[in-house]
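Just so it is clear, none of the values below were taken in a lab; they were calculated from the coordinates. For clarity, every value in this text was computed on a predicted model and none was experimentally measured. So basically every Cβ, Gly included, is an ideal-geometry build from the backbone, and we count neighbours across all protein chains shown.
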């Protein structure tokens, strides 16, 4: 039976991890503001500046298996504190840049910290809430993005009044002062996957916990990986192109800015709702339903984007239904492969985001350059979401069974 003190501590962990995600999301969701400010100060062209975001995407993603391994084997607190130091220091160093290579290096340092903190924050929360994995992962995932709904107006005004370099310094200092105390509380609970109290270091009984090497030998993981690639492509497509899609289709400014405000909120809320639903009807059923609805909405957007009402409606619906993927994926990794090695296992799964970035970034830009419109890219990624819904269907994606030796 869980004590009152343990219940209070895990609530503290949930709140702290969500706040952490809100702040580190600035690196991703406030980048467009930083990019504009940097180009204004240095007169660098857009491709030169925006290469920084590519550096961020890959470093924050591909480092997660390594940081997850250290967190699971040594200490989640160690990785979290290092991550906090890197994220704060990265932005503080960015306040001193005078050349593009410095920007890539310093923003890259902070990006490493984002990767460390994202993976360990999701994992530590799921480990503390084994009976509500979907809801807990949804709450913490909603922090990544929803924070910028609060911060971006202030950041934009600060850049206009103070300049982007001063804003980098201020945000970096604020991050350090808030994230370091929070991450000092990060630790895993002494619970097995079955919920009984145990010392992991001394536990030699097979509790259903799979190492990453065992995990990647199952077809189920590859199906989850492929589906997550498709759904992250949806997220990143709208994060990087929604304004360009609106301009291409002649959407009025008022409608466009309304859409830019509403769709991130819908996306954040749906992560919590989707996780809650999955705890009740099952992870695979939820994934199938949400992924299919997202794919259908995206295809309909491609066909009706010139209508302002349809543009806003289907953009919001697409992101509403895509949002749960960021809650359901870590939850199902824990369901299928246990929680003992969750940080490294989900970290490895999260590298799918780099492939999603390739689909929504370079490949989308290539298709647009060939056809002169986003229509085919939207349809293609929408169809990939529909395929994702099929491969995670309960009749296809079943919990792996360890072979007896």
request  = Before rounding to the nearest 500, sum -39500 (n - 2.57) across all DSSP H runs of length at least 4 in the chain and divide by the residue total; then give [θ] at 222 nm in deg cm²/dmol.
outcome  = -26000 deg cm²/dmol
query = For the residues 263, 66, what sequence is obtained by ranking on other C-beta atoms within 10 Å, fewest first?
reply = 66, 263
request  = Can you tell me the relative contact order of the chain? Whole percent, Cα pairs under 8 Å, sequence separation 6 or more.
outcome  = 24 percent
message = Please compute the Kirkwood hydrodynamic radius of the chain from all pairs of different C-alpha atoms, in Å with one decimal.
response = 21.4 Å
task = Could you sort 46-55, 363-372 so that the peptide with the highest average Cβ count within 10 Å comes first and the rest follow in order?
result = 46-55, 363-372
message = Which of the three applies to segment 217-279, rounded, prolate or oblate, going by the alpha-carbon gyration tensor with a ≥ b ≥ c and a/c under 1.5 meaning rounded?
response = oblate
inquiry  = As a footprinting exposure proxy, order 5, 271 by other Cβ within 10 Å, with the fewest listed first.
reply    = 5, 271
ask   = Order of 156, 335, 253 from fewest to most other C-beta atoms within 10 Å?
value = 253, 156, 335
request  = Please work out the C-alpha center-to-center distance from segment 361-376 to segment 245-320 and express it in whole Å.
outcome  = 20 Å
